[in-house]
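Student: Below is the structure I would like to discuss, written out as structure tokens.
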Amino acid sequence: MSESKRLFFALEIPGDVQQHIVRWRAEQFPVEAGRPIAAANLHITLAFLGDVSEEKQRILAAQASRIAQPGFQLRLDDAGHWPRSRVVWLGPRQAPRGLLQLANLLRAQAARSGCAQSPQPFHPHVTLLRNAQHRVALPPPGFGWTFPVDAFVLYESLFEQGRTRYKPVDRWLLK
Ligand code: 2AM
């Protein structure tokens with residue numbers, strides 16, 4: 001039997017934007033606010049797949065490769081704290097239609113392939129801090145980063161030497 005992998009579809013954050021965000025995060029949040037996510041791990045999940053066999057991965061990748069939709073601009077200009085998941089996040093005030101369309105499609109395909117999807121409404125976000133268990137003062141409005149999204153990625157979530165690493169395993173262009 002083949003080994004399963006922990007997989008999810010996501011949008012990459014360009015490297016320069018990742019760097020801007022982590023610098024801003026260090027200025028805005030005290031160290032006790034939560035555990036910061038490494039710059040290279042910042043991303044926006046579109047559909048979480050869970051543990052997936054090689055065969056199911058092939059099916060999901062084939063379906064993803066047939067998605068035809070144009071890219072879009074994404075502006076990250078909102079932040080929040082979810083006390084239940086103990087996450088501080090960054091996201092768009094207004095999610096672009098293309099982002100919601102892409103996530104809905106990937107989530108529907110995943111559900112049809114037996115990857116249970118969260119019943120919670122999809123809220124696109126970049127997780128900035130984990131274990132944020134106490135009330136966090138959120139940055140005042142006025143921040144924001146805009147970048148073009150021209151691809152989406154299938155990531156494998158790995159836990160190596162005590163660290164989580166997200167490894168891109170497949171990538172499709174939006175055009
Ligand atoms: P989070 O950052 O909000 O925790 C890799 O773990 C990615 O998949 C993260 O972006 C994480 O979202 C998301 N993720 C993990 N488990 C999930 C689940 N059960 N449902 C939806 N997204 C999940």
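Student: Condition first: open to solvent by 20 Å² or more (accessible area, probe 1.4 Å), assigned to a loop (DSSP other than H, G, I, E, B) and touching a residue at least 24 places away in the same chain (Cβ under 8 Å). Now tell me which residues in region 9-36 satisfy that.
Tutor: Passing the criteria: only P14.
Student: Next question, about the same structure. Test R6 against the stated conditions and say whether it is under 15 Å from the mean Cα position of the chain (by Cα), within 12 Å of the ligand (Cβ to nearest atom) and open to solvent by 30 Å² or more (accessible area, probe 1.4 Å).
Tutor: yes
Student: Say whether the condition of being touching a residue at least 24 places away in the same chain (Cβ under 8 Å) and within 15 Å of the chain's Cα centre (by Cα) is met by at least one residue in region 57-74.
Tutor: Taking every residue of region 57-74 in turn, at least one turns out to be touching a residue at least 24 places away in the same chain (Cβ under 8 Å) and within 15 Å of the chain's Cα centre (by Cα).
Student: Right, next: Spot the failing condition for Q57; the list is (1) open to solvent by less than 40 Å² (accessible area, probe 1.4 Å); (2) within 18 Å of E12 (Cβ to Cβ), and only one is missed.
Tutor: Unmet condition: (2).
Student: When you go through S113, S118 one by one, which is the residue that is among the small types (G, A, S), touching a helix residue (DSSP H, G or I) at 6+ places or on another chain (Cβ under 7 Å) and exposed (fewer than 15 other Cβ atoms within 10 Å of the Cβ)?
Tutor: Details: S118 fails: touching a helix residue (DSSP H, G or I) at 6+ places or on another chain (Cβ under 7 Å).
The conditions single out S113.
Student: Looking at region 60-78, which of its residues are open to solvent by 80 Å² or more (accessible area, probe 1.4 Å) and either within 17 Å of W145 (Cβ to Cβ) or of a type in the set (F, W, Y) (or both)?
Tutor: Residues satisfying the conditions are Q73, R75.
Student: Among R130, R93, R75, which is the only one that is within 25 Å of I37 (Cα to Cα) and within 16 Å of the ligand (Cβ to nearest atom)? Working first, answer last.
Tutor: Details: R93 fails: within 16 Å of the ligand (Cβ to nearest atom); R75 fails: within 16 Å of the ligand (Cβ to nearest atom).
None of the others qualify; the one that does is R130.
The values are calculated or read from the model by the stated rules, or taken from the named source; none is laboratory data. On a predicted model such as this, the values are computed, not experimentally measured, just so you know. Cβ coordinates were reconstructed from backbone atoms using ideal geometry, including for glycine residues, and neighbour counts include every protein chain displayed. These area figures cover heavy atoms from the full protein model, side chains too; ligands, DNA and RNA do not enter into them. Shrake-Rupley method; radii C 1.70, N 1.55, O 1.52, S 1.80 Å.
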